[in-house]
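What follows is a set of notes on a single structure, which appears directly below.
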Amino acid sequence: MKVLVLGGSRHISYHSALRLLGKGHTVTFLLCNPAIFNGDEKVQPFISSGQARIVQGNAMKSDDVNRAWDTAGKGEPEGVVDLCLFSIGATTGKFSLTKGAIINPINVCNQSMMNVLCTMPKPARTKDKIGLERVLYHVGGKPYTETEMGGEPGEEILEKEWNRTREGLPPEGKFTNTVTVRPALMFDGDCKGDAPANKAGKAPYRFAEGNFPGAWTISRQDVAHFIVEVILPEWEKWAGKVATIGY
């Protein structure tokens with residue numbers, strides 16, 4: 001695994017990181033003061049070998065957290081971080097008889113976690129799936145924009161001039177009776193779509209035509225629920241469109 005650790009200079013994340021390093025995983029530390037590991041005989045061998053990576057920065061700063069994500073995601077598969085360990089807490093402060101412990105800055109935990117969540121890499125689609133949608137957009141007659149779709153798949157996926165040389169490929173715009181479903185990061189969870197309605201009226205999952213931000217995960221069972229219970233009964237509404245689904 002590739003692991004990002006925040007608050008790992010000591011305590012819970014430090015000891016967890018040592019165990020993970022001992023099991024062969026790659027660990028990236030975001031540290032305000034990397035010198036704290038200078039005399040650490042347990043961590044230094046992993047730093048020397050490159051298995052432990054150090055990013056100097058402050059979790060209170062979103063740019064620093066973003067750099068930490070980038071560093072943690074280096075290597076195959078590129079950009080993927082399997083685990084984030086967060087145990088940031090106040091390490092300095094004063095004690096008042098009337099106010100108790102006084103933490104400075106007062107929002108260190110909340111702000112740091114907000115930065116982690118707001119800079120967390122979004123699940124990326126593979127070039128193979130980008131190529132699949134590139135072909136469907138072509139035969140469906142829909143305009144293809146690299147910004148929206150995540151770029152071109154490359155010639156290792158689609159050969160040069162594939163839309164002219166591939167025998168049997170339907171002409172551009174002649175195959176419109178399709179629906180492309182883009183799920184968020186899928187996992188093997190329960191189907192929320194079949195659960196009793198929420199008292200507050202909240203939908204079990206979200207979906208929309210095209211892309212929408214903030215869709216991180218979705219269970220495979222709920223994707224199936226969406227296809228059979230939402231898309232198929234309203235096929236005329238969805239035909240020729242792209243639908244995104246996530247929690």
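Structural remarks
- Ordering 205, 169, 138 by Cα displacement along the dipole of the range 127-246 toward the positive end leaves 205 in first place; charges were set at the Cβ atoms of Lys, Arg (+1) and Asp, Glu (-1).
- Pairs from 199/241; 74/142; 142/237; 2/127; 74/122; 2/241 whose Cα-Cα separation, in the structure shown, is over 25 Å: 199/241; 74/142; 2/241
- Calculated mean residue ellipticity, 222 nm, the chain: -8000 deg cm²/dmol, from DSSP H runs (n ≥ 4) at -39500 (n - 2.57) each, averaged per residue and rounded to 500.
- A full extension of the chain between residue 159 and residue 117 corresponds to an added length of 11.3 nm, given 0.36 nm per residue minus the alpha carbon distance.
- Dipole size of the chain about its Cα centre, with +1 on Lys/Arg Cβ and -1 on Asp/Glu Cβ: approximately 920 debye, rounded to the nearest 20.
- Length-normalised contact order of the chain in % [C-alpha pairs under 8 Å, at least 6 apart]: 14
- Ordered by the count of other Cβ atoms within 10 Å of each Cβ, fewest first, 181, 228 give 228, 181.
- Ranked by the mean number of other Cβ atoms within 10 Å per residue, highest first, peptides 26-32, 115-121, 190-196 order as 26-32, 115-121, 190-196.
- Neighbour-count ranking [beta-carbon atoms within 10 angstrom, fewest first] of 164, 19: 164, 19
- Cβ charges +1 (Lys, Arg) and -1 (Asp, Glu), total dipole of the range 127-246, debye: 360
- Paramagnetic label reach from residue 144 (point 7 Å along Cα→Cβ; backbone nitrogen cut-off under 16 Å): within the range 180-213, residues 180.
- Using the Karplus relation 6.51 cos²θ - 1.76 cosθ + 1.60 with θ = phi - 60°, the per-residue 3J(HN,Hα) values for the range 220-237 come to 4, 5, 6, 5, 4, 4, 4, 5, 7, 9, 10, 5, 4, x, 10, 4, 4, 6 Hz, with x marking Gly and Pro.
- Across the options 105, 117, 54, the greatest Cα extent toward the positive end of the charge dipole of the range 2-119 (unit charges at beta carbon of Lys, Arg, Asp, Glu) belongs to 105.
- Förster radius 30 Å - calculated FRET efficiency between residue 203 and residue 1 (Cβ-Cβ, nearest 0.05): 0.35
- By the count of neighbouring beta-carbon atoms within 10 Å, fewest first, 48, 62 end up ordered 48, 62.
- Whole-angstrom gap from the range 214-247 to the range 1-72, using each part's C-alpha centre: 39
- Reported label for calculated Cα Rg over 2.2 N^0.38 Å given [x] 1.19; [y] 1.32; [z] 0.99: [y]
Coordinate-derived values only; no laboratory data. None of these values were measured; they are calculated from a predicted model. Using ideal geometry, Cβ is built from the backbone for each residue, glycine included, and neighbour counts are taken over all protein chains shown.
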